[in-house]
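Single-structure report; data block below.
The values are calculated or read from the model by the stated rules, or taken from the named source; none is laboratory data. Since the model is a prediction, treat every value here as computed from it, not as a measurement. All Cβ positions, even for glycine, are placed from backbone atoms using ideal geometry, and neighbour counts span all protein chains on display.
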Amino acid sequence: MNDLWTEELTPEEEDSLITKVTEQITKRGLTTPAVFLLESHKPVGRLAGQSMIALSPFLAPFIGMSNVHDYSRLIQSPSSLEKLIVRLEETTLDQETDPGGSDSTDVGDNA
């Protein structure tokens, strides 16, 4: 139990969390504000992660203790934050190049 807050994320856990966060941010249409927020707060990521630990008794009832643990480890790592930002930017680029989705069909060409 003493290692709860000090152990690093495994690459699989990191990728899973980044995918989960990216999907939730994209679903809500908050990709650009999220990238801006993450970029501007990158220097204090370690402090934010430690703040999550300090506030865990208040956050746990809302998001669960395991999520507090996982997300605090995610935002403490500068490389994880950078991977999250890159993934969000890639998602934004994908949406801009394919705004209608690849399965859209042109209904007007039935003549």
Any hit, segment 2-25, residues being farther than 30 Å from Glu96 by Cα and surrounded by 14 or more Cβ atoms within 10 Å (Cβ to Cβ): yes
Any chance Pro57 is loosely packed, with under 12 Cβ neighbours inside 10 Å and more than 20 Å from Glu96 (Cβ to Cβ): yes
Residue pairs meeting the criteria (Cβ under 9 Å; at least 6 apart or on separate chains; first farther than 9 Å from Leu17 by Cβ and outside any helix (DSSP H, G or I), in segment 68-86; second modelled with pLDDT under 95 and not acidic (Asp, Glu)): Ser77/Leu9; Ser77/Gly45; Ser77/Arg46; Ser77/Gly49
Output for segment 1-54, where each listed residue is polar (S, T, N, Q), under 16 Å from Ile85 (Cα atoms) and without any contact (Cβ under 8 Å) to a residue 24 or more places away in the chain: Ser16, Gln24, Ser40
Residue count for segment 60-85, restricted to those that are within 14 Å of the chain's Cα centre (by Cα) and surrounded by 13 or more Cβ atoms within 10 Å (Cβ to Cβ): 16
Selection from segment 52-100 of residues that are under 23 Å from Glu7 (Cα atoms), at pLDDT 90 or above and among the β-branched types (Val, Ile, Thr): Ile63, Val68, Ile75, Ile85
